[in-house]
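The values are calculated or read from the model by the stated rules, or taken from the named source; none is laboratory data. Here the structure is a predicted model, which means the values were calculated and not measured. Here Cβ is always computed from backbone atoms with ideal geometry, including for glycine, and neighbour counts include all displayed protein chains.
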Amino acid sequence: MRKKSVKTLFVGPFSPPFTGDGVKNSCLKEGFDSVGVQDFIWFDTICRKGNRWVHLLNLIPLMFRCKQIVLSLNREGRYFVIWLFFFLRLFSAKRAALYVVGGTFDLQLMDMPAFNRRLYITAINKLDGIFAESVVLKNGLENLGIKNVEIVYNPRKDSGEKWQLTENNVGKVLFISRVTEVKGVTVLMDAFEKFDDENSGLILDIYGPIDEDYHDYFMERVDASKGKIRYCGILDPLQVQSALVKYHFLALPTFHFGEGLPGILVEAGMAGTPIIITRFNALPEYFEDEQSALFVEPQDVSDLHQAMQKLLDKPELAAKLSDGVQKVAEPFRIEMVIEQSLELFRGYGWNIITEGDGH
C-alpha cells in the first residue's frame, strides 16, 4: 500500500521582482506543479503587504506543521531559516534540503568568524541535501566540511523559439540582467562606444531593473548615445526567449562577486543565442571559449570590444556558438531538474507523491 502523502513546505522568494532567486523559484514551482506534486505549501519570503517581520513570523507555524522543507534562498534568508530549522529539528524528526541561490556560498562562509562558521556548518549538515549549481561551489562547500552536496542546475523552461542570424538582427546587441556597475554595464557601454561611424547600424538594447545608485549615471549615458544605446525596461520572464532570438548576440560582462551561473545565460542557451561573457567565477566551468561562448577578461573594455567586433565580422562563428550554447543548456531544462530533484528527495526517504504515481 502506498504511503500517505505528507506536507512539504517550499520556502523562498518568488517573482516579481524578476531577480535571480525569484525567477529560479518561480521556475521550480512551475516544474513541480507540472508533475502534480501533492501537499506542497509555497511560502513566499517577500512580504507583499503589511509588516515584513510579521510576515516572516508566519513561517514558524508552517515549519512546525510540515515534515519536509525545501529551502531556496539567498544569503540572508538561508542564514535565518537554516538556524530556525536546526532548532526545530532538536524537537522533531523534520527533513530539509537547500537549493543554493548564487555561486559564492562557500566564500560567504569563509568571510564569517571561525567559531560562527563552525556552528553554522553544524546546522547546515543537519540538512539532507545541499544543491549547488556548479562543481566549483560543490568543491568549495565540501572543503569546508559540508556534507551531502549535489550538483543541481538552475532550471529554465524552453519556449521552443530558436535563434537565426538574419538581416533583421544583424548588429543588434543585447544585455539582460540587473542594470548596475558590477554586472558590467559601464564596461559594455564603453566597449560599444568604441565602434566608429562605419558601424552606424549597431544598436545596444539594455533590459533589467536599474539599481537606484546607478540610475542617474546610466540614464545620462543612454541619453548621450543619441539612440545608439537604448534602455528597454524589464522583461517578463515569459518574454525573455522571444527577445533573445531577435538579437545578433547577448553580452554579459559581469564581475559581480556573488555571480554563479546567471539564468539569462541558460535562457540564451535554450534559444541558441550567441553569448559574450567574462572569464569569472564558475563561468568557465560551463562554457568553452569559441565553442559555446566568447570569453573576455573582467572590466577589460578593449577585450570586450574586440570580441564584439569578432562576432560581428564572423557569422560562421556566431552559428558555431549557437550550436554549442544549446548543448550546454540541455541539462538545465526544467523537466530534467525536477526529475533529478524528486529522485534526490526520495533517496533521502522523503514521501512526495505526484500525479504520475500509482494508487
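Would you confirm, using the coordinates I've provided, whether TYR207 is in the same structural domain as PHE255 (by TED's automatic domain parsing), in contact with a Cys (Cβ under 6 Å, 6 or more places away or on another chain) and among the aromatic types (Phe, Trp, Tyr)? Break it down stepwise before answering.
On the way: in the same structural domain as PHE255 (by TED's automatic domain parsing): yes; in contact with a Cys (Cβ under 6 Å, 6 or more places away or on another chain): yes; among the aromatic types (Phe, Trp, Tyr): yes.
Answer is yes for this residue.
Among the residues here, GLY269 qualifies as surrounded by 22 or more Cβ atoms within 10 Å (Cβ to Cβ) and out of contact with any strand residue (DSSP E or B) (no Cβ under 7 Å at 6 or more places or on another chain). Being outside any helix (DSSP H, G or I), among the β-branched types (Val, Ile, Thr), out of contact with any helix residue (DSSP H, G or I) (no Cβ under 7 Å at 6 or more places or on another chain) and surrounded by fewer than 21 Cβ atoms within 10 Å (Cβ to Cβ) is the requirement here; does THR166 meet it? Against the criterion (outside any helix (DSSP H, G or I), among the β-branched types (Val, Ile, Thr), out of contact with any helix residue (DSSP H, G or I) (no Cβ under 7 Å at 6 or more places or on another chain) and surrounded by fewer than 21 Cβ atoms within 10 Å (Cβ to Cβ)), THR166 qualifies.
Checked against the criterion of being over 30 Å from ILE69 (Cβ atoms) and either buried (at least 16 other Cβ atoms within 10 Å of the Cβ) or in contact with a Phe, Trp or Tyr (Cβ under 8 Å, 6 or more places away or on another chain) (or both), segment 141-155 contains not a single residue that satisfies it.
Determine whether segment 198-209 contains at least one residue that is more than 18 Å from LYS226 (Cα to Cα) and either at pLDDT below 95 or crowded, with 20+ Cβ neighbours inside 10 Å (or both). Yes, segment 198-209 contains at least one residue that is more than 18 Å from LYS226 (Cα to Cα) and either at pLDDT below 95 or crowded, with 20+ Cβ neighbours inside 10 Å (or both).
Filter segment 183-197 down to residues that are at pLDDT 95 or above and surrounded by fewer than 19 Cβ atoms within 10 Å (Cβ to Cβ) and give me whichever is nearest to VAL23 (Cα to Cα). By that ranking, first place goes to THR186. Scanning segment 241-254 for residues being more than 15 Å from the chain's Cα centre (by Cα) and farther than 18 Å from GLU330 by Cα gives a total of 9.
Considering segment 97-140, the residues that are small (Gly, Ala, Ser) and more than 28 Å from ARG156 (Cα to Cα) include one that is surrounded by the fewest Cβ atoms within 10 Å (Cβ to Cβ), namely ALA114.
On inspection, GLU343 qualifies as surrounded by fewer than 17 Cβ atoms within 10 Å (Cβ to Cβ), modelled with pLDDT of 95 or more and assigned by TED's automatic domain parsing to the domain that holds LYS24. Would you pick out the residues in segment 14-70 that are part of a helix (DSSP H, G or I), in contact with a strand residue (DSSP E or B) (Cβ under 9 Å, 6 or more places away or on another chain), touching a residue at least 40 places away in the same chain (Cβ under 8 Å) and acidic (Asp, Glu)? Across segment 14-70, the qualifying residue is only ASP21.
Selection of segment 187-201 for residues being out of contact with any strand residue (DSSP E or B) (no Cβ under 7 Å at 6 or more places or on another chain) and in contact (Cβ under 8 Å) with a residue 24 or more places away in the chain yields VAL187, ASP190, ALA191, GLU193, LYS194, PHE195, ASN199, GLY201. Those helices (runs of 4 or more DSSP H) of segment 238-330 in which at least 1 residues are closer than 19 Å to LYS162 by Cα and out of contact with any Cys (no Cβ under 8 Å at 6 or more places or on another chain), considering only elements entirely within it, cover 240-244, 263-271, 301-313, 315-329. Of all the criteria given as (1) modelled with pLDDT of 95 or more; (2) aromatic (Phe, Trp, Tyr); (3) farther than 16 Å from LEU98 by Cα, the one not satisfied by TRP53 is (1). Among the conditions (1) in contact with a helix residue (DSSP H, G or I) (Cβ under 7 Å, 6 or more places away or on another chain); (2) outside any helix (DSSP H, G or I); (3) in contact (Cβ under 8 Å) with a residue 60 or more places away in the chain, the only one that ILE353 does not satisfy is (1).
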